[in-house]
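K.L.:
Below are the structure tokens for one structure; questions will follow.
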Ligand code: PMP
């Protein structure tokens, strides 16, 4: 079976698994413990993982806060900023095509008296930076715009958006879950990015662990916000709770491998995507249409519309040989809001399928499309 749902989740790499097993078995210490070796070893594991994740996004190490995943990271930022800065203003800007881990948090905040502006996107799911410029107000406390879309792979112009937010002195959060390891993220050159969310399980790390980047000032102080969890004060007080050491160590290992193989992985994803497009075009010609742009997108995500075919029926039929999806795994019961926002009608949404590769997918395996 050819697994092409890597935007939903990925398989754990063997080195990641080995690393995790160590911290699930003999090295079971609590990093917050003192004086004895088990605690020290666990502390070292968390520190090493932090270094690897910071290297992958080019941040300072103490700016990386470990969380349970991107959903939690998004919640910490949006609710945490809303609470901490509500005296300054109650206006938040986001986009119509965010993941539900942003959209639903904003909807929740609306019930608490916040006002949310949802920016429109173009035909490929990108916001127009000048719309953002026009939407920022005196009382805007946060802009939250995803880097790469999980359903169609389109990329927002994060450099330009971060410049606008810096000029207007407003915090900028980006959900980078789908671009981690697939795009060169260099936070040293993106001063306007205040917060960034990411997750391990989209890049061959474990599920249930992610990170939140919080920019620090020249004295090393993190941008303040109200924590979601109060307790032991771990992770600079932003994320209390005993460290999930095996998950964090696994995330670190996945980040190290992603960084080391970055060029190779991008090349592999581009080759895989090119081959898929070639086979689909040969087989289906004008009976298909692409919902994804051909450029300026995350490599390895292709969203295709099979005209006249219902995607659920198609995916069920394909399932013994190809695993793909009709869109986001997190909201699979509803027709995709992303595809509707880029202009598809409900029928067209129901004809659309997302294929998403891993850099470890074998090119030969893609030949299975010849047999459809
Ligand atoms: N944001 C985006 C863009 C995603 O694709 C996902 C995962 N589908 C999430 C957030 C949620 O991530 P997690 O599973 O780590 O909570």
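K.L.:
With the cut-off at 1.5 for a/c, could you classify region 85-235 from its C-alpha gyration tensor as rounded, prolate or oblate?
P.N.:
Details: a/c = 1.28, a/b = 1.03, b/c = 1.24.
The shape class here is rounded.
K.L.:
Could you please rank 97, 242, 111, placing first whichever residue has the fewest other Cβ atoms within 10 Å of its Cβ?
P.N.:
Ranked by crowding around the Cβ, least crowded first: 111, 242, 97.
K.L.:
For 72, 364, what's the fewest-to-most ordering of other Cβ within 10 Å of each Cβ?
P.N.:
Values: 72 23, 364 8.
With the sparsest Cβ surroundings first, the list reads 364, 72.
K.L.:
Explain nothing, just the number: relative contact order of the chain, from Cα pairs under 8 Å at least 6 residues apart, as a whole percent. If you can, show how the numbers build up before the last one.
P.N.:
Working: 742 pairs, mean separation 89.4, N = 372.
Relative contact order here is 24 percent.
K.L.:
For a quick check: sort 264, 168, 354 by the number of other beta carbons within 10 angstrom, fewest at the front.
P.N.:
On the way: 264 10, 168 16, 354 29.
Lowest count first: 264, 168, 354.
K.L.:
Normalised by the number of residues in region 197-236, what is the relative contact order in percent for Cα pairs under 8 Å and 6+ residues apart? Walk me through the numbers on the way to the answer.
P.N.:
Numbers: 26 pairs, mean separation 9.6, N = 40.
With pairs under 8 Å counted, the relative contact order is 24 percent.
K.L.:
Can you give me the C-alpha center-to-center distance between region 231-279 and region 161-208, rounded to a whole angstrom?
P.N.:
13
K.L.:
Determine the calculated [θ] at 222 nm for the chain from helices alone, applying -39500 (n - 2.57) to every DSSP H run no shorter than 4 residues and normalising by the residue count; nearest 500 deg cm²/dmol. Each step should come with its number before you reach the end.
P.N.:
On the way: 11 runs with 131 residues, N = 372.
Per the formula, -11000 deg cm²/dmol.
K.L.:
Could you work out the relative contact order of region 239-372, using alpha carbon pairs under 8 angstrom and six or more residues apart, expressed as a whole percent?
P.N.:
Numbers: 127 pairs, mean separation 41.1, N = 134.
RCO, region 239-372: 31 percent.
K.L.:
Still on this structure, please answer the following. Starting from the Cα coordinates of region 276-360, work out the convex hull volume and express it per residue in Å³.
P.N.:
Numbers: hull volume 9.9 nm³, N = 85.
It is 117 Å³ per residue.
K.L.:
I've got another one for you. Would you work out if the chain is rounded, prolate or oblate? Take a ≥ b ≥ c from the square roots of the eigenvalues of the alpha-carbon gyration tensor; rounded if a/c is under 1.5, else prolate when a/b is larger than b/c, oblate otherwise.
P.N.:
On the way: a/c = 1.99, a/b = 1.22, b/c = 1.64.
It is oblate, given that a/c is not under 1.5 and a/b is not larger than b/c.
K.L.:
Out of the DSSP beta bridges found with both residues in the chain, what percent are antiparallel (nearest 5)?
P.N.:
Numbers: 21 of 39 bridges.
Around 55 percent of the beta bridges assigned by DSSP in the chain are antiparallel ones.
K.L.:
How large is the convex hull of the C-alpha atoms of region 14-107 per residue, in Å³?
P.N.:
On the way: hull volume 15.1 nm³, N = 94.
Hull volume over Cα atoms, normalised by residue count, gives 160 Å³.
K.L.:
Which of rounded, prolate or oblate describes region 132-184 when judged by the alpha-carbon gyration tensor and an a/c cut-off of 1.5?
P.N.:
Values: a/c = 2.47, a/b = 2.20, b/c = 1.12.
Cα axes put region 132-184 in the prolate bin.
Readers should treat all values here as calculations from the given coordinates under stated rules, not as data from a laboratory. All values reported here derive from a predicted model rather than from experimental measurement. Positions of Cβ are backbone-derived with ideal geometry, glycine not excepted, and every protein chain shown enters the neighbour counts.
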